[in-house]
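Have a look at the structure below before the remarks.
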Amino acid sequence: MRKRDKPNMTFRERLAALKNLPAFFKMVWQTSKRFTIANVLLRIVQSAMPLSILYVGKLIIDQVVQLAQHTGTHDTTYLWQLVALEFALAIVSDALSRAISLLDSLLGDLFGNHTSVKIMEHAATLDLDQFEDSEFYDKLERARQQTAGRTVLLSQALSQVQDLITMGFLAAGLIVFNPWLILLLLVAVIPAFLNESQYNDKVYRLTWGQTSDRRELDYIRYLGASDETAKEVKVFDLSGFLIKRFKTISDKFYVDKKDLEVKHVGWGTFFALIGSAGYYAAYIIIILRTIDGKLSIGDLAFLAGSFRQLRTTFQGILIRFSSITQGAIYLKDLFDYFEIKSRMVAPLQPLRFPEPIREGFVFENVGFKYQNSEKWAIRNLNFTLHAGEKLALVGENGAGKTTLVKLLSRLYDPVEGRILLDGKDLRDYDLKDLRLHVGVIFQDFQRYQMTVQQNIAVGNISQINNQQLIDESAKQSLAWPLIEKMPNQYNQMLGRRFHQGIELSGGEWQKIALARAYMKDAQLLILDEPTSALDARAEYNVFLHFAELTRGKTAVLISHRFSTVRMANRILVLDKGQLLEIGSHEELLEKNGRYAELFHLQAAGYQ
């Protein structure tokens, strides 16, 4: 188990965590100003209800006792007025509680949606290599966990203020009659508070340390019951392995949580006994003073009720304080995520992407290695991709082909050297404008469980309602004959995840994905082995069509089939991240180097 325990939180650190609350309240306020204001106002009114009901109850009891002590005709008007008042207060209190619960629920849903949107918006600003880092994923997962239930923290904080006001009224009554009752109250409540505080700390440390393993657990759950993995799970008989791994992790979670909960219940029971003893000690004092005639029966009911209510309220405040500080600590996970910034710094005066490209792209001593890796994916790379040129990349798996095109489309920035576009550093161009003019389809393209129209439109989502452009893109990628045969054509849901969805073959999915590349009027088009699931003839036809459509534009293609590669103007051969040779098909055959070796090996396979 890759479990990392967070250190124990000191009381000072718990107080320091409260500094996260203002930013949290700001997010809640941004979610719904109207609901937030209404929630606060209703709670202020509700805070006066307990004392009001107890005091009216005292008056009712005293009035009943007074009437019972006198014979003859009784005027009960005042008594029934008090009963009616208490009934009205009970109705109002119940209505207020329900209204507050409703607002808490609605505000919670809105806040969850609002936070999820902000998480996605922030994710869109981050770099690709950040998503390839496991520590970043832990932060992202903990941030996602805060989207649900964090408004409970708002409810707790507002309840804290509400209860403090209520407690002020109740405590004033006890102090007037007997200040020692307050001391008994502290003895009854504080031990339970300390127990709950320690328990919440342990729960947080346990949850924090399990983040990575919980992601693995979710992944195994997905692998074991998914339409996308079912084929290999059955063929390789993986279910037993996955179930065993799932049980190993989940059983460890269960044991850790069970040990914690058992201890919590045991100590909680012990401190509850102390609290009950404190309450009944106060109750005895009040009874004795009533027997001595120093208090009325109404006073007895009022003080006993006030002490019980005060004990419950005070205990709730102390325990809720622990929960609030705990929630504030969790909030740090959310705000830590928002503190992650892209390393791709936008220039102060970004350049517009050239239309058309005049000179091309120049790689000057470009080097790149992935985070937490000592190995260079690309190193000392120098070449020019001329404007309007079709360049093919060739090399064995891991040679750096995909890394090169990710640098070219500025999904990564070079660690060493620079890439020039028409003589200007690629980092000087407006990133959004650059992405708009670069069309890329990767080998591991996403198969969106959406309609055909949406699957194609993701290539340029701003044009999702441009039916003419979508039609043209489908025809250019040779996907239209496939779409034409579907029951709902462009409205057909793809994938098995949703109702009436249909699954496509690998080659059919690739034609849909290729259509995305044609959704942009891109100056640079990149195909990174997106046709690997097509047969040789189908791939050749796709690239032949691709060559016609990119006439006058710059293009990069990656393919393991040399019948396709030779269609390019030039071929760049990579080996272990370095440029081995570059030239046309004929020139490279004449050199009799690595390209010629790979070409003849593949040709021999067809003889």
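Taken over region 561-607, residues that are of a type outside the set (Phe, Trp, Tyr) and within 23 Å of TRP376 (Cα to Cα) amount to 13.
Being among the polar types (S, T, N, Q) and under 18 Å from ILE44 (Cα atoms) is the filter; apply it to region 81-120 and report the residue that is nearest to the chain's Cα centre (by Cα). Working first, answer last.
Of region 81-120, the ones among the polar types (S, T, N, Q) are 81, 93, 97, 101, 105, 113, 115-116.
Filter again for under 18 Å from ILE44 (Cα atoms), leaving 93, 97, 101.
On the way: SER93: 37, SER97: 31, SER101: 26 Å.
Restricting to residues being among the polar types (S, T, N, Q) and under 18 Å from ILE44 (Cα atoms), the top hit is SER101.
Here ILE456 does not fit the description of being more than 27 Å from the chain's Cα centre (by Cα) and at pLDDT 85 or above. Identify, please: which residue in region 92-120 is free of Cβ contacts under 8 Å to residues at least 12 places away in the same chain and either within 17 Å of ASP333 (Cα to Cα) or touching a Phe, Trp or Tyr at 6+ places or on another chain (Cβ under 9 Å) (or both) and is, among those, surrounded by the fewest Cβ atoms within 10 Å (Cβ to Cβ)? Per the criteria, the residue is MET120.
How do the helices (runs of 4 or more DSSP H) wholly within region 461-517 filter down when requiring 3 or more residues that are crowded, with 18+ Cβ neighbours inside 10 Å: which remain? Give the derivation first.
On the way: elements: 467-476, 480-484, 506-517.
The qualifying helices (runs of 4 or more DSSP H) are 467-476, 506-517.
Every condition in (1) within 15 Å of LEU572 (Cα to Cα); (2) surrounded by 16 or more Cβ atoms within 10 Å (Cβ to Cβ); (3) polar (S, T, N, Q); (4) in contact with an Asp or Glu (Cβ under 8 Å, 6 or more places away or on another chain) holds for THR313 except the one numbered (1).
For (1) within 30 Å of LYS424 (Cβ to Cβ); (2) under 33 Å from the mean Cα position of the chain (by Cα), each residue gets a yes or a no:
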site: PHE307; (1), (2): no, no
site: ALA328; (1), (2): no, yes
site: ASP333; (1), (2): no, yes
site: LEU348; (1), (2): yes, yes
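One line per residue, one yes/no per condition, for (1) of a type in the set (Ser, Thr, Tyr); (2) touching a helix residue (DSSP H, G or I) at 6+ places or on another chain (Cβ under 7 Å):
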site	(1), (2)
LEU404	no, no
LEU411	no, yes
ARG427	no, no
GLY439	no, yes
SER462	yes, no
TRP480	no, yes
LEU494	no, yes
ARG497	no, no
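Scanning region 295-302 for any residue that is charged (D, E, K, R) and either modelled with pLDDT under 80 or in a strand (DSSP E or B) (or both) turns up at least one such residue.
Kindly indicate whether VAL161 is closer than 30 Å to ASP251 by Cβ, surrounded by fewer than 20 Cβ atoms within 10 Å (Cβ to Cβ) and either outside the structural domain of GLY293 (by TED's automatic domain parsing) or at pLDDT 70 or above (or both). Spelling it out, it is not the case that VAL161 is closer than 30 Å to ASP251 by Cβ, surrounded by fewer than 20 Cβ atoms within 10 Å (Cβ to Cβ) and either outside the structural domain of GLY293 (by TED's automatic domain parsing) or at pLDDT 70 or above (or both). Listed by first and then second residue, the pairs linking a residue in region 306-327 that is in the same structural domain as PRO191 (by TED's automatic domain parsing) and over 27 Å from ALA23 (Cα atoms) to a residue that is modelled with pLDDT of 75 or more and outside any helix (DSSP H, G or I), with Cβ atoms under 6 Å apart and 6 or more places separating them unless they lie on different chains, form an empty list. For region 78-86, indicate whether the set of residues that are of a type in the set (Asp, Glu) and in contact (Cβ under 8 Å) with a residue 24 or more places away in the chain is non-empty. Yes, because at least one residue in region 78-86 is of a type in the set (Asp, Glu) and in contact (Cβ under 8 Å) with a residue 24 or more places away in the chain.
Residue by residue, here is whether (1) buried (at least 18 other Cβ atoms within 10 Å of the Cβ); (2) charged (D, E, K, R) holds:
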{"position": "TYR280", "(1), (2)": "no, no"}
{"position": "LEU288", "(1), (2)": "no, no"}
{"position": "SER306", "(1), (2)": "yes, no"}
{"position": "LYS332", "(1), (2)": "no, yes"}
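Pairing residues of region 39-55 that are without any contact (Cβ under 8 Å) to a residue 40 or more places away in the chain and surrounded by fewer than 19 Cβ atoms within 10 Å (Cβ to Cβ) with residues that are part of a helix (DSSP H, G or I) and of a type in the set (Phe, Trp, Tyr), at Cβ distances under 9 Å and at least 6 apart in sequence or on separate chains, gives SER52/PHE169. Checked against the criteria, VAL64 counts as surrounded by 15 or more Cβ atoms within 10 Å (Cβ to Cβ), free of Cβ contacts under 8 Å to residues at least 24 places away in the same chain and not assigned by TED's automatic domain parsing to the domain that holds PRO414.
Selection of first residues in region 459-483 that are farther than 18 Å from LEU504 by Cα and of second residues that are part of a helix (DSSP H, G or I) and among the charged types (D, E, K, R), restricted to Cβ pairs under 7 Å at least 6 apart or on distinct chains, gives the following pairs, ordered by first then second residue: GLY459/ARG516.
The values are calculated or read from the model by the stated rules, or taken from the named source; none is laboratory data. In this text, all values refer to a predicted model and were calculated from it rather than measured experimentally. Here the Cβ is made from the backbone with ideal geometry for all residues, glycine too, and neighbour counts use every protein chain on show.
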